[in-house]
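Before anything else, here's the structure in question.
Every number here is computed from the coordinates shown, using simple stated rules; none is lab data. Every value quoted in this text rests on a predicted model; they were computed, and no experiment measured them. Backbone-built Cβ (ideal geometry, glycine too); neighbour counts: all protein chains shown.
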Amino acid sequence: MRTKGPSGTASMVTLIRALAHGGLTHVRDFQDPTAFVLLTARGRMLCRYLLWRARKPGFRQSLLAGKSGLGTDLVPLRTRVLDDAWHAAQAKGTRQLVLLGAGLDGRAYRLEDIGESNVFEVDHPATQGLKRQRAAKLASLANNHLFVPVDFERDSLSNALEAAGQRMDLPTFWIWEGVTPYLTRRAQEVTLAAMAERSSAGSRVAMTYTQPPAPGDKAKSMRQTMKLVRFLGEPFLGLLTRAEAEELLRNAGFRILEDTGVEDWRQRYADSSSRASVVYQQRIAVAEKADLVSGRLPKKESPRLVRARALPQPVTSSAAAAAAAGRPRRGRGAPGPPWPPAPCTPRAPSGGRRAGSRPGPWPSAPWSAWPPSPPAGR
Ligand SMILES: C[S@@+](CC[C@H](N)C(=O)[O-])C[C@H]1O[C@@H](n2cnc3c(N)ncnc32)[C@H](O)[C@@H]1O
C-alpha cells in the first residue's frame, strides 16, 4: 500500500458500513454505529449525502446492487460472518482478539462480549494514526485495548505483539478482514507464520481473501473495484484461489474449519434481493491451530496448564507496555464519551445495545460540495 497517508480502502469499507448502518443494505439487522464516528469529516459528509440521495429508488438501487463499484452488501455481510466467528470463539473461552490490518474497524467499541478480552489492533502506522485520532471519540469496551503499529511487508509481527503483551500461552482469535488482497504472497506467508507461532492450541484465524476473476469472467464490478483500489494507491497484490488460501493456512499449521463464500453469507444474513454474490468473489476461511483439532496437546503442556489457560487472566505486560508508550489504558471503567454514539441517519432502532441510538444529523439543503472527493482521509 501507499505508505504516505492512511489507507483509502479502510475509509471506503467504513463508509460502506456507515451506509449499511443507515439502512442502505439488504443485510438483516446490520448495526455498526461506530462506523460513522470513525470516518473522517469528508467521509461523514459523503455518507450523509449518499443516504440523502438514496431516498430516490433508482440511486438507492444502484448503490445496493454495486453498479457503481462494490455495492453495500458485501462488507456488512463479511463483518457479520466475522463477528459471529468471534462470538463462537469467545463462547469457547478465547479472551484475546487480534485485528490484523484493523483500519477503522469498530469491534473494540461495539462488540458486547468483548469486555473480558484484550484487543490488539495491528495496522500500518500511517492508517493507525488516523484510527487513534478518530477513535478518541469512542470508549473501548475491551478489558485492555492496545494499538500495535506494524507494516506486514517489513516489520516483525511477532516481536511487535510480544512487546504489546499478546500472550502465546492463551488462545487468540485473529481477524484478518479485507487485508490479504493488498499484501504480497511473501507478506501473507510471513504474517501467517507469526500468527501460528503466537497461537496456542485452540486459537483460530478468520481470514477474508479475494479470488482472481476467472478467465473470461465478465463481472464488471470486480474489475471496477480493481481500478478503484489501484486509484487509491492500494492495488491488489495477493489475490488467492480457494486452493491457494487453504494451502497457505495449512502450511502455517492451521486446519480449515470452514471456507464460505458470499452466497453462503447471503443465505444466512441477507434478504433474498441481495445481489452481492453475483459481483464479487470474496471468501472467508476460518481455521484452527492444528494441535487442538487433532486432539494432541503440544509438547511440554500439562493438563493443569491447559486448564489454567482457559481462565481469563490479567495481561499485565500489555498494560505496562501501554504505560511505557504513554498510552492511556482503555477499557471498562476508563472514562470516555457516552455510548452509544449517534448513528448517521434516522433509522428505526432494532434492539440490542444500540437500541437507544439517537437519530443523527440529516442534510437539510441541496448539497453544496458535489462531487465530493474520494472518502479517504487525505
Ligand atoms: C480494506 S482495509 C480493511 C480494514 C479493516 N480490516 C476493515 O475491514 O474495515 C485494508 C487494511 O489493510 C491495511 N494494510 C494494507 N497493507 C498493509 C501493510 N503492508 N501493513 C499493515 N497493514 C496494511 C491497511 O492499512 C488497511 O487498514
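ASP271 to LEU237: extension gain in nm, 0.36 nm per residue of separation minus the Cα-Cα distance?
Here the segment from ASP271 to LEU237 would lengthen by 9.0 nm.
Arranged by the count of other C-beta atoms within 10 angstrom, fewest first, what order do VAL119, VAL179 take?
VAL119, VAL179
State, to one decimal in nm, how far the label point of GLU244 lies from the label point of ASP84, with both points 7 Å from Cα in the Cβ direction.
About 2.8 nm separates the two model spin labels.
Neighbour counts of other C-beta atoms within 10 Å: give me ARG60, ARG283 arranged from fewest to most. Mind dumping the intermediate values first?
On the way: ARG60 17, ARG283 21.
The most exposed by this proxy come first: ARG60, ARG283.
Rounded, prolate or oblate: which fits the stretch 105-154, taking a ≥ b ≥ c as square roots of the Cα gyration tensor eigenvalues, rounded meaning a/c under 1.5, else prolate when a/b beats b/c?
Verdict is oblate for the stretch 105-154.
Further, regarding this structure: Where does each of GLU112, GLU197 land when they are ranked from fewest to most other beta-carbon atoms within 10 angstrom?
Placing the least packed residue first, the sequence is GLU112, GLU197.
Right, something else. Quote the charge dipole size of the stretch 167-209 about the Cα centre in Debye, to the nearest 20; the model charges only the Cβ of Lys and Arg (+1) and of Asp and Glu (-1).
Dipole of the stretch 167-209, to the nearest 20 debye: 40 debye.
Any aspartates and glutamates with Cα under 18 Å of the LYS4 Cα? List them, leaving off those in the same chain fewer than 8 positions away.
Reachable aspartates and glutamates: ASP123, ASP151, GLU153, ASP155, GLU234.
Full-extension gain between ARG55 and ALA193, please, as 0.36 nm times their residue separation minus the C-alpha to C-alpha distance. Please list the in-between numbers first.
On the way: separation 138, 0.36 × 138 = 49.68 nm, distance 4.75 nm.
Gain in length upon complete extension: 44.9 nm.
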